[in-house]
Amino acid sequence: MPAAYERYLVPTLFRPFAGDLAARAADLRPVRVLELAAGTGAVTSELLAAAPAAAVTATDLNEAMVALGSARVPGATWRQADAQRLPFPDGSFDLVVCQFGVMFFPDRVAAYGEVRRVLAPGGRFLFNTWGPLTGHAFGAALQAGLERAFPSDPPRFLPTVPHGYADPVAVSADLTAAGLPVEEWCELTLDGRAASAADVALGFLTGTPVRAAVEERGAPPSVRATVVEEMTARLGRGPVTAPMTALVFLAAA
């Protein structure tokens, strides 16, 4: 899964926002940075380039992601870590960064509480989360393909998890409950580019939890073809460009 995620999804879905998040981080002039849910290092590499004087510690719950990320971005210190039980002393960092990871935390207030604990006084928490699925052309096309392939019981991972934490009021309330009041937030729409709709389909179907959801339903051979056909019909043939909307938050310790 990490290899498929890195090859097919990171360049299209995550790298455009990684540059934006790293630039925002660099503007804060951090010295000690902790990255949560670092995946294979899309933001990590951008952070090292944008803030070369900062010491970056990158973490992820998935050991396979950490292994691939540490090989790709050796300039950071990599550790396997659960965001709800961070293995760092109080006040260890002046900036915590997380790209498209908070949606996966089982207890977000608990995870935000850990962020608050490891931040030094005056530290910041900078992160983004996907907006509604309707604002993400790649994801919406994939979901349409899954609903066509499984009309009676389509996988609901995309709308309920990656795109299920898109209400800024709810996000702000969780942060406030953990002692991290929001300083500012904004909606950001960027374009993603892929060699083909089929590549994006392959990335979702083999490099994300969508894979397990499809396999639980028997994974008939026609699923991939159906999804690719639907995504191609919606996004076009050949190289494709499509808009993606995210929410970006900055909270203060």
- Query: Filter segment 45-69 for residues that are within 22 Å of residue 91 (Cβ to Cβ) and of a type outside the set (A, V, I, L, M, F, W, C); which is least open to solvent (accessible area, probe 1.4 Å)?
  - Reply: 59
- Here are some residues: 26, 3. Which one is among the small types (Gly, Ala, Ser) and modelled with pLDDT under 95? 3
- Task: Specify the residue that is nearest to residue 41 (Cα to Cα); the eligible residues are those in segment 70-95 that are open to solvent by less than 20 Å² (accessible area, probe 1.4 Å) and out of contact with any Gly (no Cβ under 7 Å at 6 or more places or on another chain).
- Result: 76
- Only one of these is over 12 Å from the mean Cα position of the chain (by Cα), buried (at least 20 other Cβ atoms within 10 Å of the Cβ) and not small (Gly, Ala, Ser): 34, 13. Name it. 34
- Message: Can you say whether residue 174 is farther than 30 Å from residue 115 by Cβ, touching a residue at least 40 places away in the same chain (Cβ under 8 Å) and not hydroxyl-bearing (Ser, Thr, Tyr), as far as the supplied structure shows?
- Response: no
- Item | Meets criteria (in a helix (DSSP H, G or I), open to solvent by 30 Å² or more (accessible area, probe 1.4 Å) and small (Gly, Ala, Ser)) for residue 201 | no
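The values are calculated or read from the model by the stated rules, or taken from the named source; none is laboratory data. It should be emphasised that the depicted structure is a prediction, and the values quoted were computed from it without experimental measurement. Glycine also receives a Cβ, built like all others from the backbone with ideal geometry; neighbour counts cover every protein chain displayed. In case anyone asks, the SASA skips ligands and DNA or RNA and just uses the protein heavy atoms, side chains included. Shrake-Rupley method; radii C 1.70, N 1.55, O 1.52, S 1.80 Å.
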